[in-house]
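Asker: The structure's right below; bear with me while I get my questions together.
The values are calculated or read from the model by the stated rules, or taken from the named source; none is laboratory data. From a predicted model like this one, the values you see are computed outputs, not experimental measurements. Positions of Cβ are backbone-derived with ideal geometry, glycine not excepted, and every protein chain shown enters the neighbour counts. These area figures cover heavy atoms from the full protein model, side chains too; ligands, DNA and RNA do not enter into them. Shrake-Rupley method; radii C 1.70, N 1.55, O 1.52, S 1.80 Å.
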Amino acid sequence: MGWYEKKDKPAIPSEKELWAVCPKCNSHFPKAEWKAAGAICPKCNYHGRLGARARIAATADKDTFEELFAGISYSDHLSFSDATGPYVKKVEATIAKLGEKEAVVTGFCEIMSHPVALGVMDFAFMGGSLGTGTGEKIARLCEEAVRARRPLVLFSASGGARMHEGILSLMQMAKTSAAIARLKEAGLPYISVLTDPTTGGVSASYAMLGDINISEPRALIGFAGRRVIENTIRQKLPADFQSAEYLEKHGFIDRIVERSDMRRFIAKMLEYWGF
Amino acid sequence: MKKTATAKGRAKTAMDSVKIARDAKRPHVRDFIAGVCSDFEELHGDRLVNDDRAMVAGFGTIGRFKALILGHNKGSSVEENVESNFGMVNPDGYRKAMRLAKLAERFGNPVVTFVDTPGAYPGREAEERGQAEAIAKSLEFFSDLETPVVVVITGEGGSGGALAIAVGDEILMMENAVYSVISPEGCAGILWRDGAKAPEAAEALKITAKDLLALKVVDKVVKEPAGGAHKNPSAAIAAVKKAILDSLERLAKVPAAELVEKRYAKLRAYGNFY
Ligand SMILES: [Zn+2]
């Protein structure tokens, strides 16, 4: 859940209600100031998480977004249940709260008058986890992009595969990657935007397959979790390990783009490629 | 500790299968290669930085087929365990696999993969050299490789690290192998907040060969000798060889373009309930 989006309002506002805390540099800001800054830390320039709808509003030309595959949702093919109860209960509560049926919103839109197929993941939906519905929407978006000959722009934000959907969630990594291979073969470009955080099975599938992979300042990007790695190698990792900046330095991110420059940058790349 | 519960030597719970799949005495990739291939020439390196010993690769002969063999290598001795990182592959290993599979495609060799890994290696250099990118590329790469790909899950199918060499035309799975999005211990740690609840997580995740056949993630289950493959390795390996040859014969009749179309349809059908 986005920590800056909590909506419950007790009679006496708590510390948490009044203050936003940057998870990267720990600076405290009055909530209003954080909101005014567009969830971007005034101190360290960390680009905070955006919900799918807010991201679409910030990315698409006004009134151009037409949603596709909005009816596709999760599937509980394992009848999965854990210590805290059935998956169905948890995911239905998320759906009721967020008003989204899956961890990705897909559709067509224009970005500075360039027609694109746009997918935006929402970390607030079960940690942006990749379930069968998520994978299905992304695969269909690729196929629809091929039919309409539109470039693909995908904003990722995910903790990885949705384990409540078991092996079939793992298979979505292969399914989406295969759909992206077809899009590229059809001569269409794919711009992948890895936002905070993009890890696990999502980083190890479509998010890392962009013709260009771009990110936002200080986003967390990686395959394995920091603690798992530290426990495995028995060493402390550098503070900036798995940051967008670290990945750019190691050659896996083409460019770190400020949110305020995102539309221009995407449009410019599409223009270079003739889209 | 409770002994592995079996009825007539068959695993009863998902955790029984996990234990058998991880048994150190279970045949590993080099045992399968020795038993399945009449000859084998190993090849090394990703041509970029390294040769990852956790990924075995080379050309070999299986019956009338000259194939590329790929497989995770857990190792069968302490030295080999260490050298091969207990089968946990670095990006270099996936890149070696892709390099040689491209060669197989060029010369019309089918590809046979043996899957047995706890998962991709969670290390600092693995991340710095692009573990996520290497796995992603591998999924994309094998999805449209124009040569037959037969996958055999022989032991532990550990998440993305397994899947990276498990995209193919026919997916075979040994009776006591397991294949999962996350280890039962990992899942229990997160969703039960108690790693000791791994047996519950193993059941809930549906990770056994029988489960995966029902979910249509695997095409065929290869029976094992009572008690598991390590009780009679040569019989277990012979059964795997027969299943691989059946698959290769079937796939040899399919033109490459049709093969790739069918593979896409297969991937596309995973979780297509809408
Ligand atoms: Zn900050």
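Asker: So what is the relative contact order for chain B, in percent, with contacts set as C-alpha pairs under 8 Å and at least six apart?
Answerer: RCO, chain B: 19 percent.
Asker: Between region A:221-270 and region A:89-160, what is the C-alpha centre distance in whole Å?
Answerer: Using only Cα atoms, the two centres lie 21 Å from each other.
Asker: Considering only DSSP beta bridges with both partners in chain A, what is the antiparallel share in %, to the nearest 5?
Answerer: Working: 18 of 37 bridges.
Among the beta bridges of chain A, antiparallel pairing accounts for roughly 50 percent.
Asker: Moving on to the next point. If a/c stays under 1.5 just call it rounded; otherwise compare a/b with b/c (prolate if a/b is bigger, oblate if not). Do that for region A:47-272, with a ≥ b ≥ c from the square roots of the Cα gyration tensor eigenvalues.
Answerer: Details: a/c = 1.60, a/b = 1.11, b/c = 1.45.
Oblate is the answer for region A:47-272, as a/c is 1.5 or above yet b/c matches or exceeds a/b.
Asker: Determine the per residue accessible area of chain A with all protein chains present and a 1.4 angstrom probe, expressed in square angstrom.
Answerer: Numbers: 11220 Å² over 275 residues.
With all protein chains present, chain A gives 41 Å² per residue.
Asker: Okay, next question. Can you find, among B:Ala239, B:Pro225, B:Leu212, the residue sitting farthest towards the positive end of the charge dipole of region B:195-241, where Lys and Arg contribute +1 and Asp and Glu -1 at Cβ?
Answerer: Sorting the options by dipole projection puts first B:Ala239.
Asker: Just going by the charge dipole of region A:154-239, with Lys and Arg at +1 and Asp and Glu at -1 on Cβ, which of A:Val228, A:Gly201, A:Gly166 is farthest out on the positive end?
Answerer: A:Val228
Asker: Follow-up. Could you list, in their original order, any pairs among B:Lys25/B:Lys96; B:Lys102/B:Lys253; B:Lys12/B:Lys262 whose Cα atoms are separated by more than 30 Å?
Answerer: B:Lys12/B:Lys262
Asker: What FRET efficiency comes out for the pair B:Asn232/A:Ala70, r = Cβ-Cβ distance, R0 = 56 Å, nearest 0.05?
Answerer: Working: r = 54 Å, r/R0 = 0.97.
According to the calculation, E is roughly 0.55.
Asker: Quick one: putting +1 on the C-beta of Lys and Arg, -1 on the C-beta of Asp and Glu, what dipole do you get for chain A around its Cα centre, in Debye to the nearest 20?
Answerer: On the way: 36 positive and 32 negative charges, 88 e Å.
Result for chain A is approximately 420 debye, rounded to the nearest 20.
Asker: Also, I was wondering about something else. What value in Å³ per residue do you get for the convex hull of the alpha-carbon atoms in region B:12-134?
Answerer: Given the Cα convex hull of region B:12-134, per-residue volume reads 126 Å³.
Asker: While we're on this one: Take the Cβ-Cβ distance between A:Lys236 and B:Leu103 as r, set R0 to 51 Å, and report the resulting FRET efficiency rounded to the nearest 0.05.
Answerer: On the way: r = 41 Å, r/R0 = 0.80.
Plugging the Cβ-Cβ distance into 1/(1 + (r/R0)^6) gives 0.80.
Asker: For the protein assembly as shown, with all protein chains present and a 1.4 Å probe, just round the carbon and sulfur fraction of the accessible area to a whole percent.
Answerer: 54 percent
Asker: Continuing with this model, one more query. Taking Rh as the Kirkwood radius computed over C-alpha pairs, what is the Stokes-Einstein D of region A:166-275 at 4 °C in a medium of viscosity 1.567 mPa s, expressed in µm² per second?
Answerer: On the way: Rh = 15.2 Å.
So the translational diffusion coefficient is about 85 µm²/s.
Asker: List the equivalent ellipsoid semi-axes of region B:76-208 in whole Å, largest first, each obtained as the square root of 5λ for an eigenvalue λ of the Cα gyration tensor. Please report the intermediate quantities before stating the final value.
Answerer: Details: eigenvalues 142, 63, 39 Å².
Over the Cα atoms of region B:76-208, the ellipsoid semi-axes are 27, 18, 14 Å.
Asker: Taking only the Cα atoms of region A:206-266, how large is their convex hull per residue, in Å³? Intermediate values should be presented prior to the final figure.
Answerer: Numbers: hull volume 5.4 nm³, N = 61.
So the per-residue hull volume is 89 Å³.
Asker: Separate question: Based on alpha-carbon atoms only, what is the radius of gyration of region B:181-232 relative to the globular estimate 2.2 N^0.38 Å?
Answerer: Values: Rg = 13.5 Å, N = 52, 2.2 N^0.38 = 9.9 Å.
Computed over Cα atoms of region B:181-232, the ratio equals 1.37.
Asker: Charges only on Cβ, +1 for Lys and Arg, -1 for Asp and Glu: so what's the dipole of region B:174-274 about the Cα centre, in debye to the nearest 20? Could the numbers behind the result be given before it?
Answerer: Details: 16 positive and 12 negative charges, 65 e Å.
The dipole of region B:174-274 has a size of about 320 debye.
Asker: Would you mind giving the mean number of other chain beta-carbons within 10 Å of the Cβ of each residue in B:210-222, as a whole number?
Answerer: Values: counts 0, 3, 3, 0, 1, 6, 2, 5, 1, 0, 0, 0, 0.
Going residue by residue through B:210-222 and averaging, the value is 2.
Asker: Something else about it: How big is D, in µm² s⁻¹, for region A:99-180 by Stokes-Einstein at 25 °C and 0.890 mPa s if Rh is the Kirkwood radius over C-alpha pairs?
Answerer: 192 µm²/s
Asker: Just round it to a whole percent: the fraction of Cα-Cα distances in region B:16-268 exceeding 31 Å. Don't jump to the answer; show the numbers that get you there.
Answerer: Numbers: 5430 of 31878 pairs.
Cα-Cα pairs in region B:16-268 separated by more than 31 Å: 17 percent.
Asker: Can I get the semi-axes of region A:52-147's equivalent ellipsoid? Compute them from the C-alpha gyration tensor as square roots of 5 times the eigenvalues, in angstrom, largest first.
Answerer: 28, 14, 9
Asker: Quick check on region A:102-257: of the DSSP beta bridges with both residues there, what percent are antiparallel, nearest 5%?
Answerer: On the way: 9 of 28 bridges.
Counting DSSP beta bridges with both partners in region A:102-257, the antiparallel share is about 30 percent.
Asker: Rounded to the nearest 20 Debye, what is the dipole magnitude of the protein assembly as shown about its Cα centre when Lys and Arg each give +1 and Asp and Glu each give -1 at the C-beta?
Answerer: Working: 75 positive and 69 negative charges, 174 e Å.
Value, rounded to 20: 840 debye.
Asker: Which loop-located trypsin sites (Lys or Arg not before Pro) does region A:150-235 contain, where loop means any DSSP state but H, G, I, E or B and the Cβ has at most 13 other Cβ atoms within 10 Å? Display every interim value, and only then the final one.
Answerer: Numbers: sites: A:Arg162, A:Lys175, A:Arg182, A:Lys184, A:Arg218, A:Arg226, A:Arg227, A:Arg234; in loops: A:Arg162, A:Arg218, A:Arg234.
Answer in residue order: A:Arg234.
Asker: Plugging the Kirkwood radius over Cα pairs into Stokes-Einstein for the protein assembly as shown, at a temperature of 25 °C and a viscosity of 0.890 mPa s, what D comes out in µm²/s? Present the calculation step by step, with values, prior to reporting the outcome.
Answerer: On the way: Rh = 23.9 Å.
Translational D for this selection: 102 µm²/s.
Asker: Ratio to report: Rg/Rh of region B:182-274, with Cα atoms as the point set and Rh obtained by the Kirkwood method; give two decimals. Before the final figure, lay out the partial values.
Answerer: Values: Rg = 17.7 Å, Rh = 16.3 Å.
Radius of gyration over Kirkwood radius for region B:182-274 works out to 1.09.
Asker: Could I ask something else about it? Given the C-alpha centroids of region B:77-147 and region B:239-274, what is the distance between them in whole angstrom?
Answerer: 20 Å
Asker: Which loop-located GluC sites (Glu not before Pro) does region B:120-177 contain, where loop means any DSSP state but H, G, I, E or B and the Cβ has at most 16 other Cβ atoms within 10 Å?
Answerer: Details: sites: B:Glu125, B:Glu127, B:Glu128, B:Glu133, B:Glu140, B:Glu146, B:Glu156, B:Glu170, B:Glu175; in loops: B:Glu146, B:Glu175.
Answer by residue number: B:Glu146.
Asker: At a probe radius of 1.4 Å, figure out the B/A buried accessible area, summed over both chains, and give it in Å² to the nearest 100.
Answerer: Chains B and A together bury roughly 4400 Å² of accessible area.
Asker: Toward the positive end of the charge dipole of region A:112-208, about the Cα centre and with charges on Cβ (Lys, Arg +1; Asp, Glu -1), which of A:Ser129, A:Leu188, A:Ala157 goes farthest?
Answerer: Looking along the dipole axis, the top candidate is A:Leu188.
Asker: Can you work out the accessible area per residue across region B:1-160, with the rest of the protein chains kept in place, probe 1.4 Å, in square angstrom? Could you put the intermediate results ahead of the total?
Answerer: Working: 6220 Å² over 160 residues.
On a per-residue basis, region B:1-160 sits at 39 Å².
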